[in-house]
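Notes to accompany the following structure.
Just so it is clear, none of the values below were taken in a lab; they were calculated from the coordinates. Computed from a predicted model, the values in this text were never measured in an experiment. Here Cβ is always computed from backbone atoms with ideal geometry, including for glycine, and neighbour counts include all displayed protein chains.
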Amino acid sequence: MGNRLVILTGAGISAESGLRTFRGNDGMWEHENIEDVCTPRALRRDPKRVMDFYNFLRKGLPSHQPNAAHIALAELEDRLGDDFLLITQNVDDLHERAGSKRVLHMHGDLMKLRCTHNENHVFLFDKEETLDTKCPFCGAGTRPDIVFFEEIPLYMDQIQEALRECDDFVYIGTSSVVYPAAGFKNFAKQFGAKVTCLNLEIPAHDRDTDVFIQGKATEIVPKWCKEFK
Ligand code: APR
């Protein structure tokens, strides 16, 4: 028996916690060049530049707090238990700090590093990564535990299974332009799920979505969670 409710979140759910989204006004990618900090080529070409970009984001994260949307999802998870699964595209830890437990970080986790020799060697890390940082399991070099563009997102088998089985698929705070996450709603719909979008902007001509709820996450998410049966 799969999860009855599968949620996908994007940068928009953390916007009111003060974390920059990626696209739209003042978006992250307006200030950084993806090619310089978020591709395998960038890591090969200038690993220190990539590490410093994620060191800067990691260092700033503790000063941002989970908001009412993160908290409402954690409370809904408490109510639904194993019927609930949260997939996030975000690399921040605000869902966990709000109390969420069943969280799949499909684009990686800012508070972790990954060994460059064995990708299963992943470990919590809250400091400044340098070229001398070593994997605690095998002593090899490290990289941010972030899924770069052109790399395959994490947990895809588990995610596909959950999307096949769920009754409700709800995507929150995402522009739905980056695949495979942007394709989840169509996939869930094909297997009979009801698809709901909660977002500040309503994506244009989207035939996969049954219900659109427009607004700021801290307002529409707690209300939707309270009404969800
Ligand atoms: N409340 C609700 N939605 C919001 C809010 C808010 N306060 N602020 C912004 N949004 C919405 C925007 O309208 C937009 O649709 O959140 C969405 C943010 O979109 P993006 O910045 O594209 O972020 P996301 O969809 O998470 O990006 C997906 O792209 O850059 C890669 O790996 C990165 O995980 C990221 C992926």
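So the values come out like this:
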read-out: Gain upon complete extension [ILE213, LEU124; 0.36 nm per residue less C-alpha separation]; value: 28.5 nm
read-out: Mean separation of Cα contacts under 8 Å, 6 or more apart, over the residue count of the range 138-215: relative contact order %; value: 25 percent
read-out: The range 1-156, Cα convex hull volume normalised per residue, Å³; value: 120 Å³
read-out: Lys, Arg +1 and Asp, Glu -1 on Cβ, resulting dipole of the chain about Cα centre, debye, nearest 20; value: 80 debye
read-out: Stretchable slack from ARG23 to GLU150, in nm (0.36 nm times residue separation minus alpha-carbon distance); value: 43.9 nm
read-out: Percentage relative contact order, the chain, counting C-alpha pairs under 8 Å, at least six apart; value: 24 percent
read-out: Out-of-range pairs (alpha-carbon distance over 22 Å; input LYS112/LYS223; LYS189/LYS223; LYS194/LYS223; LYS59/LYS134; LYS189/LYS229; LYS48/LYS127); value: LYS112/LYS223; LYS189/LYS223
read-out: MRE, 222 nm, helices only [DSSP H, n ≥ 4, -39500 (n - 2.57), over the chain, to nearest 500]; value: -9000 deg cm²/dmol
read-out: For the range 1-152, share of DSSP beta bridges that run antiparallel, in % to the nearest 5; value: 45 percent
read-out: ASP52 paired with GLU201, simple spin-label distance in nm, labels 7 Å along Cα-to-beta-carbon; value: 3.1 nm
read-out: Rounded if a/c under 1.5, otherwise prolate or oblate - the range 165-226, Cα gyration tensor axes; value: oblate
read-out: Charged-residue dipole, Cβ positions (Lys, Arg, Asp, Glu), the range 1-71 about Cα centre, Debye nearest 20; value: 320 debye
read-out: Dipole magnitude (debye, nearest 20) for the range 138-210, charges at Cβ of Lys, Arg, Asp, Glu; value: 80 debye
